[in-house]
Structures are given as C-alpha cells and as structure tokens.
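Everything on this sheet refers to the single structure shown next.
The values are calculated or read from the model by the stated rules, or taken from the named source; none is laboratory data. As the structure is a prediction and not an experimental result, all values here were calculated from the model. Here the Cβ positions follow ideal geometry from the backbone for every residue, glycine too, while neighbour counts run over all protein chains shown. Ligands, DNA and RNA are stripped out before the accessible areas are found, and what is left, the full protein with its side chains, is counted by its heavy atoms. Shrake-Rupley method; radii C 1.70, N 1.55, O 1.52, S 1.80 Å.
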Amino acid sequence: MVSKNEARAGRDEKKGDLSIILKLKERGGISVNVDSTVGDLFGAKIAERVEKTLINLGVGDAEIEVADMGALDYVIQARVETAVRRLKEVEKSDLPKNTIKYGPPVRDRLRRTRLYMPGNNPDLMRNGGLYGADCLILDLEDSVSPIEKDSARILVRNTLHTIDFGAAERIVRINPLSTPYSREDLEMIVPVRPDTILIPKCETASDVADVAAIIDRIEQENGIKEKTLLMPLIETAKGILNAFEIASASDRNVALCFGAEDFTADIGVERTREGAETFVARSLLVLGAKAARVQAIDTVFSDFKDEEGLVKSTEEAMAIGFEGKGVIHPSQIDPVHRVFTPTKERIEYARKVVAAIESAREKGSGVASIGSKMVDAPIEIRARKILRLAGALGLLDDDPPVV
C-alpha cells in the first residue's frame, strides 16, 4: 500500500522512460538507488540528476528508487517532479536547460499532415522531428489517462523545452476547458512557447475566446510578445453548425480541424472507411473555415495499414477544400504529402494561367484563354494558390513564385 509520504511516477519497463518510487523523510538527507539498463556507464550520473532535481524542487530528505530504461535527463527531471508534486506543493519547477531557439509562430504555413503523439511517451516524442510531418501534436487529451494527466503535462513541457523538432509546427492538444485539466495545461505549457494550442471539443465561439483570454494573461505575465496560435478541433454536430463563429472567435485562429471519431459517436452512426456519414459535416466545416479565412484540416484515417484507403480519403478531402489531414502513424505522412503536392502538370498549367491573365490585363482585358478554355479571376486565384504551394515546397526551381 502506498503511504501519504510515498508517490510513484513514470512507466515501468518502457524504452526511454523510467519509473520511480519517492518516499519523503523527516531527516537523513537524500538517498538514491538506481537500477538501469545503462547503469554501468551512467548510473552515477542518473543518481546525480535525480538528487539535483529533488534539491531544486525543495526536497532535502528522501529515499528514491529508480528503474531506468535509458531515459534522458529531461525525462528524469519530469518524472521526479511529477512524484514530488504528488506529495507536496512545488514553488518553482526544475526546468531542463533550454538549448533550442525557435522563431515566432507562423500563421500561414504548410499543414498537410499533423501527427499525433501521446504526451506521456518520451520515446515517441523525442523522435518527432525525424518523421517529416508538417505539424506535430503532443497530446494531453485522449491518449493520456486521467491519472497520468499531471505526469504528461510536465513531460510535454520539458520536451518542448529540450527537443529540436526542426521545421515542424509544435502543437499541443490540451484537454477541453470543461475538464479540471485544461487550465493547468495552459499554465504549464504556454510559457515554454509552443507554436499552437489545439483546442478539442469546440462547440461555440466562447470555447475559443475563453482559451484565448487565459493565454492573453499567461503571455502577459511571462513577457511573451509573439502570440501563441490556436487551432479549434470540431467534433460534434453543434460544433459543425457553429463552425464559422468558432473560426472567427479569435485572431489567433489559423485553422479548423475535424474529428470524425467523436463526431460519429455524437450523431449516433458508425464511422466507415468511405466516410459518407461525415461528408456534409466536413463540407460545412470547410465553408466555415474559408469564410473566416483560416485553413481547414481533415480528420485522421484510422487504419494505418490501409494505404489505398488513406490515399482515397486524402484525395476526397483535398477535392472538397481541406488543406491537410491528421495522421496517427509516421507511415501515413508520405502518402498524404504526395496527394497534397501539386504535380508538374498542374504547376505548368498554373503558370500558363497566370501568364495569360497578366498578358490580357496589359491589353485592357480581364479575361484570357488557353486553348478553348476561358481564364478569368476565379481560375487565376486557384492557379496562384497552386504556385504558392509549389513555392513553399521548393518546386519552383527556376522562376520565382508568382503570387
């Protein structure tokens, strides 16, 4: 039985992680016992890291048992802090050294793929930047059990502070504001500067406005100048009917996302491979997003072994206006990127459209033709969008992009 002076944290026998048992004492200093897969080489260093973290958290007398499976320092610090917080108040966290410098969040950028990673799994998260997704979502919601919310929150904070995710957008999915976890999520995560917060279960504009107000305060208190961006996730019928209001609720919004699993549960139907049951809802979400001038990003395709189904689903998503898709496995990234990448033929045709319409304007006309097809303003808009996308992907290797 665990006493009120004893707490456990971490995960047993998981690669890149550790589990610990912390016992607070009245006196006697700190004693650390380490059992590690790399104990011969790093056992003393692990014990030193654990002791320093305890001291930095205000613990001077304790016994701690460590079962390590190759955890890095920031993971050790996170697990020790979790155990301490489960026993006592902590005035100041023991943050790992911040060696990663990112630029400000970028509103308009590629978001073809957003890869979900469980926020309590350090081994998956530390490799996130290697997979090539445009966006990485460190998840504090559905993939984390209620009893591990505190542990995941600290681990995600330390991960953002330590791991280089390269060019990927760094997104954290918090818990819904209706839960007891979301405010603590924001208090701990926003100060370490993620690019974007993904807000789940959005049903009204106030769901976004309330989160934005909390972030306003946290940014002000921490002297953060660049605004953290927001990405509402719509997963219910009510949310779909309010899509435009949700998308317009804050100037921090950059995209609306769709969540099919919760949506189909909400309307009482089975989710199918073809997705006909969500077509109307997804189309309404696209319209709401476009009317508010933010991106629309589709739901995940949940069978990561079915590449043919994934490609068809992505092609259908692109055809109705989505600009990206959620993915649950790194193997889904390349197929989705291929669909959202313009072909040479589309790029070449877009060049011809822009050249034709510009030539027509020089002659005083707003309409041109390519072969037997008329080219006017709406076709020009689509062509320029293709060229902007091709430019962002580095596919315009000769001429500068026409925008």
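Numbers at a glance
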read-out	value
Strands (runs of 3 or more DSSP E) contained entirely in region 300-398, each with at least 2 residues that are more than 21 Å from Phe263 (Cβ to Cβ)	368-370, 373-375
Selection status of Asp306, open to solvent by less than 20 Å² (accessible area, probe 1.4 Å) and closer than 16 Å to Val327 by Cα	no
Given (1) more than 30 Å from Asn127 (Cα to Cα); (2) out of contact with any helix residue (DSSP H, G or I) (no Cβ under 8 Å at 6 or more places or on another chain); (3) open to solvent by 40 Å² or more (accessible area, probe 1.4 Å), index of the condition Val367 fails	(2)
Residue ID - surrounded by the fewest Cβ atoms within 10 Å (Cβ to Cβ), chosen from residues in region 15-43 that are closer than 19 Å to Tyr74 by Cβ and free of Cβ contacts under 8 Å to residues at least 24 places away in the same chain	Leu41
Selection from region 113-129 of residues that are touching a residue at least 12 places away in the same chain (Cβ under 8 Å) and assigned to a helix (DSSP H, G or I)	Pro122, Asp123, Met125, Gly128, Gly129
Filter result for Ile46 (more than 29 Å from the chain's Cα centre (by Cα) and open to solvent by less than 50 Å² (accessible area, probe 1.4 Å))	yes
Residue that is surrounded by the fewest Cβ atoms within 10 Å (Cβ to Cβ), among those in region 80-107 that are more than 23 Å from Arg173 (Cα to Cα) and of a type in the set (Val, Ile, Thr)	Thr99
Some residue of region 273-295 being surrounded by 14 or more Cβ atoms within 10 Å (Cβ to Cβ) and in a strand (DSSP E or B)	yes
Any pair with Cβ under 8 angstrom, 6 or more apart, that starts in region 302-318 at a residue that is within 11 Å of Phe340 (Cα to Cα) and ends at one that is assigned to a helix (DSSP H, G or I) and open to solvent by 70 Å² or more (accessible area, probe 1.4 Å)	Val311/Arg338
Region 230-239: number of residues that are of a type outside the set (Gly, Ala, Ser), surrounded by fewer than 24 Cβ atoms within 10 Å (Cβ to Cβ) and either part of a helix (DSSP H, G or I) or in contact (Cβ under 8 Å) with a residue 60 or more places away in the chain (or both)	1
Count of region 261-315 residues which are at pLDDT below 95, polar (S, T, N, Q) and out of contact with any helix residue (DSSP H, G or I) (no Cβ under 8 Å at 6 or more places or on another chain)	1
Filter result for Ile214 (assigned to a loop (DSSP other than H, G, I, E, B) and either touching a residue at least 12 places away in the same chain (Cβ under 8 Å) or touching a strand residue (DSSP E or B) at 6+ places or on another chain (Cβ under 9 Å) (or both))	no
Matching entry among Leu110, Leu136, Leu186, Leu177 (being without any contact (Cβ under 8 Å) to a residue 40 or more places away in the chain, farther than 20 Å from Asp73 by Cβ, open to solvent by 20 Å² or more (accessible area, probe 1.4 Å) and of a type in the set (A, V, I, L, M, F, W, C))	Leu177
Search result, residues across region 47-62 that are in contact with an Asp or Glu (Cβ under 6 Å, 6 or more places away or on another chain) and not in a loop (DSSP other than H, G, I, E, B)	Arg49, Thr53, Asn56
Tally of residues being assigned to a helix (DSSP H, G or I) and open to solvent by 10 Å² or more (accessible area, probe 1.4 Å) across region 158-173	2
Residue check for Asp12: free of Cβ contacts under 8 Å to residues at least 60 places away in the same chain, surrounded by fewer than 20 Cβ atoms within 10 Å (Cβ to Cβ) and within 32 Å of the chain's Cα centre (by Cα)	yes
